[in-house]
Every structure is written in C-alpha cells, then in structure tokens.
Amino acid sequence: MAEELKLFSNWSSPFGFRVEHALKMKGLEYETVLEDLSNKSDSLLEYNPLYKKIPILVHNGNPICESLVILEYIDETWKQCPLLPQDPYEKATARFWAKFGDEKLHSLNSKLMEKLDYINVLVTVSRGMLLEM
C-alpha cells in the first residue's frame with residue numbers, strides 16, 4: 001500500500017518551506033495543498049482545529065501540526081538522511097538555532113502584521129475621505 005503524504009502550506013510560509021525541504025532531503029513523494037489563509041479550507045480547519053494554521057503534514061490520514069514537531073516526526077518516521085546530527089551536543093546546538101530562528105521569524109511576522117494593519121487603517125480612512133468629497 002502506498003503511503004499518503006500531504007503537506008498543507010502556502011506559497012509564502014517559511015515554516016512550510018522548512019517542512020518541504022525536509023521531505024525533499026528524505027526523498028519522499030508528497031502532495032502539496034496550497035492554502036488561502038484568508039479563506040481557510042475545511043480540511044485545514046479539520047486537521048488543525050486548535051490553531052487553524054499551516055503547515056500541516058497528513059500521513060495516512062493522521063495530521064501533524066507545527067513545523068518543528070513535523071520535522072521531528074519526519075526524522076523519526078523515515079530514518080534515511082537524518083535531519084539532525086547524531087552527536088547529542090551537536091543535536092542540541094541545532095535545536096537551539098532552530099528555536100532561535102523560530103522566535104525571530106515570529107517577531108518579524110508580528111511587526112509586519114502591525115504595519116499591515118496600520119496601512120489598512122490608512123487606506124480605509126483615505127477611501128472614506130475621498131467618498132465624502
């Protein structure tokens with residue numbers, strides 16, 4: 001029986017890219033399901049009802065959420081081409097930098113969302129002023 005492997009992501013997700021890269025490193029065949037995050041699919045909401053976000057890896061009908069958790073699952077399920085070093089210290093160092101990168105991405109994303117919200121407010125106010133003219 002062939003394994004079902006689907007990755008729910010979108011074109012701009014750095015967390016999805018990380019999972020895609022791991023799947024490719026392992027030489028695994030998978031289907032990519034691109035999500036429109038402004039109009040989330042029923043599948044995304046079913047597979048990740050708590051956070052309702054990507055990436056999600058679905059392996060034989062079982063969803064795995066959160067990119068670092070997905071990477072651990074991939075590495076433990078398919079042993080070829082390990083993603084992390086075997087040495088415990090080197091492995092801990094790699095995990096440290098992965099966590100550091102996650103925190104920086106989250107911080108940058110939050111700042112970007114604040115700026116976009118501000119721009120949306122400006123656009124809305126400007127449109128209202130133009131309509132009043």
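The values are calculated or read from the model by the stated rules, or taken from the named source; none is laboratory data. Values in this document were obtained by computation on a predicted structure and should not be read as measured data. Virtual Cβ from ideal backbone geometry, glycine too; neighbours counted across all protein chains shown. Side chains are part of the model used for accessible areas, which takes the heavy atoms of the whole protein and leaves out ligands, DNA and RNA. Shrake-Rupley method; radii C 1.70, N 1.55, O 1.52, S 1.80 Å.
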#### Entry: P(r) of the chain over all Cα-Cα pairs, binned every 10 Å from zero, in whole percent
11, 34, 29, 15, 7, 3, 1
#### Entry: Beta bridge orientation in the chain: antiparallel %, DSSP, nearest 5
65
#### Entry: Chain lengthening between ASN39 and MET25 when straightened (0.36 nm per residue, less Cα-Cα)
2.0 nm
### Message
Take the residue pairs LYS79/LYS111; LYS53/LYS111; LYS91/LYS111; LYS52/LYS111; LYS91/LYS115; LYS26/LYS115 and return only those whose Cα atoms are more than 26 Å apart.
### Response
LYS79/LYS111; LYS91/LYS111; LYS91/LYS115; LYS26/LYS115
### Task
State the percent of C-alpha pairs, over all pairs in segment 56-112, separated by a distance greater than 20 angstrom.
38
### Query
What FRET efficiency comes out for the pair ALA98/VAL123, r = Cβ-Cβ distance, R0 = 30 Å, nearest 0.05?
0.25
### Message
For SER41, what residues show an amide H to amide H distance below 5 Å, using hydrogens built from the backbone and excluding near sequence neighbours?
### Response
ASP36
### For segment 29-121: accessible area per residue (Å², 1.4 Å)
72
### Query
In nanometres, what is the gap between the two model label sites at VAL69 and GLU4, each 7 Å from Cα along Cα-to-Cβ?
2.0
### Query
For the chain, what is the relative contact order in percent, using Cα pairs closer than 8 Å and at least 6 residues apart in sequence?
22
### Message
Ignoring ligands, DNA and RNA, please state the percent of accessible area on the chain from carbon and sulfur, probe 1.4 Å.
### Response
60
